[in-house]
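One structure is given here, and the rest of the page talks about it.
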Amino acid sequence: MTTIKKSMRTMVAAVTLALSAGVVSATEGVEVNHLGVSNTLVRVTGAGKYLLLPVQEANDDARINVLVDGKIAETIYVRLARSKTDYMVPFDLSSYEGHNMVLDIVTPQGRGSVREAKDDVCWRGIELSDTFDVSDREKYRPAYHHTPLYGWMNDPNGMFYKDGEWHLCYQWNPYGSKWQNMTWGHSVSDNLVDWKHLEPAIRPDGLGSIFSGSCVIDHNNTAGFGKDAVIALYTSAGTSQMQSLAASSDNGNTFKVHAANPVLTLESEARDPNMFWNDETGEWNMVLAHALDREMLFFSSADLKKWTLQSGFGKGIGCQDGVWECPDLFELPVEGSDEKKWVLICNINPGGPFGGSAIQYFIGDWDGKTFTADTDKDGKIAVKWLDYGKDNYALVSWSDAPDGRRTALGWMSNWQYAAEVPTMQYRSANTLPREIGLFRAADGAVYASSKPSPELTGLRDKLVVNAAKATVGRKGRSYQLPAANGGICEILLDIDAQKADSVMITLANNAGDEVVMCYDNAAHTVSFDRRRSGLVDFSEGFPAVTVSPTFEENGKVSLRIFVDRSSIELFGTDGRFVMTNLVFPTEPYSTLTLNADGGSARISNLKVYSLKVK
């Protein structure tokens, strides 16, 4: 009996020692318990607004079940650091104050033993804090484009204008700079340039992540949430995709998720609902991307809750090389006429004219149930692109914009390399806001234009170059660009190619980086060459030459070029052609050079403005 008692005491001691060995005090107020080679419990025993989590981008996501008083409150995915910490991300504890909270973490990295798993640097780096440092640490963060304070961003969502404020929601990952944990981030602006970051609008819930969607103002209380309530319709993305609703009674500052979600389900994948009030039919219309079927579905509703399928458009039409996403549908007047036409925006990935994602659109008619696309002289529906750069995707417009404006903006990146661009504190910006219009070209077809929103003139500071007229040939003329704020500037010029074969606009720096934009007089095109623009080797899809038609036949084009720290947006002839391209120069571009081949060309109204930022 004595031998048995000794054995029991030895076994208990061994178990106690093993258990205590699995408990690690990371930092004050945080207790780490290793349960195996891939499962760890992190118990929050102290106080603080945030639990800071170390991230290593090269790792796969760890799944973290947040247990509050023993129940799963939410699940997040974080690339927890194994061998080094690239940056920290904050998990907000404020809503769980006064409750017992444990993180149940499953890491994807295989380990040979618990001892090896315990060596991951994340376990020693998790800490409590009342603050999270969002001061900018990025060389390439834009100076005057909207970006998230930190984390990954893609599609703009839920955009509406109300009481003097432009609301911009967006696909956001609060826990890392790669795609995951899709949440509606939220920013507001009174001038489309200066953005204030608000608390997230809609967070993931039991139906899944919060994918793209739209917002409208329910002026007549059709949905029953109150007059002028802001109604959001979005895709809940769990095991399947379904459409859900949320409402705001405080001008869109906070949203309450509808208790009876989802409001629309289908038997196949569909996403990104975009809705609007139809004055002609007195009901709500909605476009939904039937993504894998490469078509758009059209629905109608009286109350924003019950939706009736009316028709589909797109099977076998236009570019079919990728999934169809992020639709928009609106009516606009055709410039210089009494005619009005409908524009159906159809973002597509892949299948863009220069690789990756891009914005396809169709011009046609809409009767409240069916969209009928215009055909060309041969009876075909032409493929049309809204932007001939590589870095404008998921473009949609604001609802209830003032003065009948159709103001839109996109995600300024490309799915080919969005997760690989040389930033880390944040990833991705939005394009500059644009005003969408329609014009009839020389071929008789109607096309969409996209010109800078008028608020952007407020960015101008000093006029640093002002040349009324200049003649350029092979030798060319050079001008100094402003050096302030990382070389950001706005460039305007008119080109009359005359007898020249081509006219080149080159932005360059002393490090040998250069961007060459070239107007081809015979082809009536403008090209944008960023193959030597700076850092280009992070993705084989990044070095590229993009080409746009100019929709002119007389050798004359007007250009308006916005240069930011990591982007160039070229608008031609009042927005009749546009190219949006990212660039990552090793140092700011410092010179603008104009020259011509095959003869001399005339440059007029050349102006370069430095830009002011807050």
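The values are calculated or read from the model by the stated rules, or taken from the named source; none is laboratory data. Everything quoted here is computed from the prediction, not taken from an experiment. Note that each Cβ is placed from the backbone with ideal geometry, even for glycine, and that neighbours are counted across all protein chains shown.
The residue that is nearest to Tyr150 (Cα to Cα), counting only those in segment 186-196 that are over 15 Å from the mean Cα position of the chain (by Cα) and assigned to a strand (DSSP E or B), is Lys196.
Counting only residues that are part of a strand (DSSP E or B) and either among the small types (Gly, Ala, Ser) or over 23 Å from the mean Cα position of the chain (by Cα) (or both), segment 43-60 holds 7 of them. Checking each residue of segment 383-395 against the condition of being surrounded by fewer than 17 Cβ atoms within 10 Å (Cβ to Cβ) and of a type in the set (A, V, I, L, M, F, W, C) gives at least one match. Just so you know, in segment 256-312 the residues that are in contact with an Asp or Glu (Cβ under 6 Å, 6 or more places away or on another chain) and among the aliphatic types (A, V, I, L, M) include one that is surrounded by the most Cβ atoms within 10 Å (Cβ to Cβ), and it is Ala289. If we scan segment 475-497, do we find a residue that is farther than 21 Å from Asn605 by Cα and among the aromatic types (Phe, Trp, Tyr)? Within segment 475-497 (the criterion being farther than 21 Å from Asn605 by Cα and among the aromatic types (Phe, Trp, Tyr)), the answer is no, since none of the residues qualifies.
With a requirement of 2 or more residues that are under 19 Å from Ser212 (Cα atoms) and free of Cβ contacts under 8 Å to residues at least 40 places away in the same chain, none of the strands (runs of 3 or more DSSP E) lying completely within segment 324-424 satisfies it.
Taking the listed residues Ser135, Ser94, Ser113, Ser83, the one that is of a type in the set (S, T, N, Q), closer than 30 Å to Gly206 by Cβ and surrounded by fewer than 17 Cβ atoms within 10 Å (Cβ to Cβ) is Ser94, with no other qualifying.
Number of residues in segment 190-203 that are over 20 Å from Asp228 (Cβ atoms) and either out of contact with any Asp or Glu (no Cβ under 7 Å at 6 or more places or on another chain) or aromatic (Phe, Trp, Tyr) (or both): the value is 7. Applying the condition of being of a type in the set (Ser, Thr, Tyr) and part of a loop (DSSP other than H, G, I, E, B) to segment 81-110 and asking which residue is nearest to Thr131 (Cα to Cα) yields Thr85. Residues of segment 333-382 that are aliphatic (A, V, I, L, M) and either touching a Gly at 6+ places or on another chain (Cβ under 6 Å) or surrounded by 20 or more Cβ atoms within 10 Å (Cβ to Cβ) (or both): Val343, Leu344, Ile345, Ile348, Ala358, Ile359, Ile363, Ala373.
Listed by position, the strands (runs of 3 or more DSSP E) inside segment 461-568 whose residues that are buried (at least 18 other Cβ atoms within 10 Å of the Cβ) and at pLDDT 95 or above number at least 1 are 489-496, 502-508, 514-520, 525-529, 545-549, 556-564. Filtering segment 240-257 to residues that are over 13 Å from Phe211 (Cα atoms), over 22 Å from the mean Cα position of the chain (by Cα), part of a loop (DSSP other than H, G, I, E, B) and in contact (Cβ under 8 Å) with a residue 24 or more places away in the chain leaves Ser249, Asn251.
If you go through segment 425-448 and pick out every residue that is over 18 Å from Gly176 (Cα atoms) and outside any strand (DSSP E or B), you end up with 8. Taking segment 569-589 as the range and being among the polar types (S, T, N, Q) and crowded, with 17+ Cβ neighbours inside 10 Å as the test, the residues that pass are Thr573, Thr580, Asn581. For segment 51-75, a residue qualifies if it is of a type in the set (A, V, I, L, M, F, W, C), free of Cβ contacts under 8 Å to residues at least 60 places away in the same chain and more than 14 Å from Pro108 (Cβ to Cβ), and the qualifying residues are Val66, Leu67, Val68, Ile72, Ala73.
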